[in-house]
Structures are given as structure tokens and as C-alpha cells.
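Structure first, then comments.
The values are calculated or read from the model by the stated rules, or taken from the named source; none is laboratory data. Please read all numbers here as calculations on a predicted model, not as lab measurements. As a convention, Cβ positions derive from the backbone with ideal geometry for all residues, glycine included, and neighbour counts pool all protein chains shown.
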Ligand SMILES: NC(=O)c1ccc[n+]([C@@H]2O[C@H](COP(=O)([O-])OP(=O)(O)OC[C@H]3O[C@@H](n4cnc5c(N)ncnc54)[C@H](OP(=O)(O)O)[C@@H]3O)[C@@H](O)[C@H]2O)c1
């Protein structure tokens with residue numbers, strides 16, 4: 001496989017595997033917001049068109065790529081891509097060492113087959129239904145770090161920051177390479 005940016009999915013996921021009820025992110029966790037801001041600062045990001053529009057005004061000092069089927073979509077910042085493979089090519093051409101997929105559910109699902117790394121915030125609450133995060137089979141993914149934080153006065157839910165790695169040796173689909 002030729003060299004390409006590391007593909008990282010970054011998400012906050014409920015205890016029952018959802019990222020949203022369908023109407024925005026259903027928790028308010030300042031520690032997670034800061035972790036997301038710090039991790040993605042100055043980085044190349046890939047966002048589904050719906051999440052990109054939800055996060056309008058947020059992309060200063062970042063390089064957003066917007067995943068859409070539309071050939072005419074014109075975002076106010078960043079560039080449009082039609083596939084994860086194209087996003088990897090654009091980020092590589094821009095000199096990115098890593099591309100962070102920031103959701104939502106469709107974008108995570110499209111990127112998961114090519115992902116190398118997951119940075120997940122496990123949130124202690126359950127949602128029951130909503131937009132799911134893709135499965136993370138323990139046979140494919142190895143947890144390499146974890147930090148736990150209890151609920152407190154400013155966090156209604158306990159949360160854990162966890163990183164998972166999928167060894168590059170694992171067979172990836174051909175369109176994940178450049
Ligand atoms: N908890 C978290 O960490 C987190 C993070 C981010 C977002 N969210 C939540 O996730 C929800 C949105 O997720 P979502 O699944 O509805 O939408 P999404 O993934 O943000 O965006 C979906 C759109 O992306 C484009 N798209 C998706 N797959 C594509 C593909 N393979 N090729 C080309 N274009 C593709 C399509 O745009 P067009 O319709 O323009 O073709 C599609 O309508 C929101 O509630 C948001 O708050 C949660």
C-alpha cells in the first residue's frame with residue numbers, strides 16, 4: 001500500500017452505541033468539547049454534509065473537507081469531496097499526515113472500512129435509538145489508551161477517552177490506498 005494520511009475517526013458514543021438522537025449531540029460535556037477542539041486544531045477534517053452544516057462557523061484554523069453526493073454543493077469554507085478515497089487524496093496533496101473523520105453517522109460508516117485509528121469518547125448514558133456509530137469488533141481493534149472521568153458538577157455523565165488502533169497489516173479495501 002502506498003503512503004497516505006492516517007485515517008482517524010473521532011466521535012462521542014453513548015453506552016449503547018449511538019452518536020446522536022438525530023437532532024444534534026444529546027449531551028453537554030465541556031471536557032469532551034475541549035478534547036475535540038485540542039485534537040482537531042490545525043488538522044484536516046472530513047465531515048458529512050449534514051454535520052458540516054450543523055458546525056458552521058466552527059472551522060477556523062482547520063481544513064474541512066465536506067463529503068457530499070452533490071456536484072454543485074459550495075461550502076463557505078473548505079472543499080467538497082465525493083468519497084473517502086478522494087478525501088484521502090486531497091488531504092495527502094495538502095501535506096496532511098492524518099485525516100480526522102468528525103461524523104456524522106453516514107460519514108463514519110463510509111470511512112470505517114479504511115480507518116486506522118479511533119479516538120472515542122465513551123459517554124455513560126444510553127440513548128435507546130438514534131444515529132449509530134459503526135461496530136468496533138475487538139478482533140480488529142486494540143485499545144491503546146483510556147482515561148476515565150466521573151460525572152461532576154459540570155458533567156452530567158461520566159466519560160472515558162479511549163484510543164483504538166487497527167494494525168496496518170489488516171487487509172484494507174483497495175480503495176483505501178492512494
Ligand atoms: N457524537 C458525535 O461525536 C457526533 C459527531 C458528529 C455528528 N454527530 C451527529 O450526527 C448526526 C448527523 O449524522 P448523519 O448520519 O445524519 O449525517 P452526516 O454523516 O453528517 O451527513 C450525511 C451526508 O453526507 C453525505 N454523504 C454521506 N455518505 C456519503 C458517501 N458515501 N459519499 C458521498 N456523500 C456522502 C450526504 O450528503 P448529501 O446529502 O449532500 O449528498 C449525506 O446526506 C447529527 O445529529 C450530528 O449532531 C454526532
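Return yes or no: is residue 120 near the ligand (Cβ under 8 Å from one of its atoms) and either touching a helix residue (DSSP H, G or I) at 6+ places or on another chain (Cβ under 9 Å) or in a strand (DSSP E or B) (or both)? Let's see the steps before the verdict.
Values: near the ligand (Cβ under 8 Å from one of its atoms): no; either touching a helix residue (DSSP H, G or I) at 6+ places or on another chain (Cβ under 9 Å) or in a strand (DSSP E or B) (or both): yes.
No; evaluated as a whole, the condition is false for this residue.
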Residues located in the stretch 18-35, provided they are in a helix (DSSP H, G or I) and either within 8 Å of the ligand (Cβ to nearest atom) or surrounded by fewer than 18 Cβ atoms within 10 Å (Cβ to Cβ) (or both): 30, 31, 33, 34
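Go through 129, 70 for me and flag whichever is surrounded by fewer than 12 Cβ atoms within 10 Å (Cβ to Cβ), near the ligand (Cβ under 9 Å from one of its atoms) and either touching a residue at least 12 places away in the same chain (Cβ under 8 Å) or in a loop (DSSP other than H, G, I, E, B) (or both).
Details: 129 fails: near the ligand (Cβ under 9 Å from one of its atoms).
After applying the criteria, what remains is 70.
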message: Just checking, does the stretch 165-176 include any residue being in contact with a strand residue (DSSP E or B) (Cβ under 8 Å, 6 or more places away or on another chain) and modelled with pLDDT of 95 or more?
response: yes
message: Being within 14 Å of residue 163 (Cα to Cα) and in contact with a strand residue (DSSP E or B) (Cβ under 6 Å, 6 or more places away or on another chain) is the filter here; which residues of the stretch 124-144 pass it?
response: 141, 142, 143, 144
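Can you tell me which residues in the stretch 46-60 are part of a helix (DSSP H, G or I) and either more than 10 Å from the ligand (Cβ to nearest atom) or under 18 Å from residue 96 (Cβ atoms) (or both)?
52
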- prompt: Tell me, which residue of the stretch 150-178 that is crowded, with 16+ Cβ neighbours inside 10 Å and touching a residue at least 60 places away in the same chain (Cβ under 8 Å) is nearest to the chain's Cα centre (by Cα)?
  reply: 161
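Against the definition (more than 17 Å from residue 11 (Cβ to Cβ) and assigned to a strand (DSSP E or B)), how does residue 90 come out, yes or no? Outline the logic, then answer.
Numbers: more than 17 Å from residue 11 (Cβ to Cβ): yes; assigned to a strand (DSSP E or B): no.
So residue 90 fails the test.
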task: Output yes when any residue across the stretch 40-49 is surrounded by fewer than 19 Cβ atoms within 10 Å (Cβ to Cβ) and either without any contact (Cβ under 8 Å) to a residue 12 or more places away in the chain or touching a helix residue (DSSP H, G or I) at 6+ places or on another chain (Cβ under 7 Å) (or both), and no when none is.
output: no
